[in-house]
Amino acid sequence: MTEESFKLFDSHAHLDASEFDPDRAEVLRHARGAGVVDVLIPAVAADGWPKLHELCAADPGLHPAYGLHPCFLPRHADEDLARLRDWLDRHPAVAVGECGLDHFEPGLDRARQLRLLQGHFELAHRLDLPLVLHARHAFAQVIEALRGFGKPLRGVVHSFSGSPEQARELFRMGFSVGIGGPVTYERTQRLRRMVAALPAECLLLETDAPDQPGSQRKGERNEPAYLVDVLHCVAELRGVDPAELAHTTTGNARRLFLGAA
């Protein structure tokens, strides 16, 4: 299989972000040329849901997730969870999110973050949709919240940098881990060792564009096309053919988000 025949699924990219407003069509052409045929686009706040819906409705390879990102807590109104329930009833999505816990950014009310996250759990369970979870400096707390919910859920913890034990626990609970640009940096030795050792069945590849560019694109705007850099890095760490890893991770993403066999 040649590189041109890769079919990749970017499991996390914010293509609706304003950084892409000047050249979004060109960015998408670039992505398709690199073999990225599917992109999961997670919302961050209620005021962005209509733009995200319009973007995904115009391209069958773009897949929406709707939610309330913890880093945007000041933008969320108390009634936004109810609005999210109504929005999802009227606007089909492949996932609920981006949602989660962020214990890195200062000044974000942790109790309110947890209440919102639990509301997303309820919606995902009711609608039988996967979750797109953010867990910066809060992997243990997210796992605890999932355990406490007590009902079956599934999804992905994106930009994973927790321990191998946490990754395996999440996988047992129905969650994949998203691996992106950070793994391409030599300094992330703990993450690189973990990615080399985890079962391939629990891995998804992502860019988190326009954020988290890889080491080859440091200082640049990240794009879905650069998922190929992540693919080659992870394949090298695992000692496998990039084409094999592309097939596996794309299959993982399609099963999780699209219900594909």
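Put the Cα centre of region 180-228 next to the Cα centre of region 57-90 and the gap is 26 Å.
Here is how the number arises for the chain: DSSP H runs of 4 or more residues each give -39500 (n - 2.57), the sum is divided by the residue count, and the result at 222 nm is -12000 deg cm²/dmol. Projected label points at A260 and R193, each 7 Å from Cα along the beta carbon direction, are separated by 3.5 nanometres. Sketch the reach of a paramagnetic label on A57 as a point 7 Å from Cα along Cα-to-Cβ, and name the residues of region 7-40 whose backbone nitrogen lies under 17 Å away. Backbone N within reach: 16.
Membrane-span-like helices in the chain, defined here as complete DSSP H runs extending at least 24 Å along the helix axis by their C-alpha atoms with mean Kyte-Doolittle hydropathy no lower than -1.0, are 110-127; this is a sequence and geometry rule, not a statement about a membrane.
Sites listed here are GluC sites (Glu not before Pro) in region 107-213 whose DSSP assignment is loop and whose Cβ has at most 11 other Cβ atoms within 10 Å: E186. Extending each Cα 7 Å along its Cβ direction at R90 and E122, get the distance between those two points in nm, one decimal. My value for the distance between the label points is 2.1 nm.
Between R136 and L101, H103, the built amide H atoms are under 5 Å apart, and every one of these is 5 or more places off in sequence or on another chain.
Loop exposure criterion: trypsin sites (Lys or Arg not before Pro), DSSP state outside H, G, I, E and B, at most 14 other Cβ atoms within 10 Å. Applied to the chain, the longest stretch between such sites is 1-186. One chain, two ends: E244 and A140. Fully extended at 0.36 nm per residue, the span grows by 34.3 nm beyond their Cα-Cα distance.
The share of C-alpha pairs in the chain whose separation exceeds 26 Å stands at 35 percent.
Read the figures in this text as sums done on the coordinates, not as results from a lab. Since the structure is predicted, the reported quantities are computational estimates derived from the model, not experimental observations. As a convention, Cβ positions derive from the backbone with ideal geometry for all residues, glycine included, and neighbour counts pool all protein chains shown.
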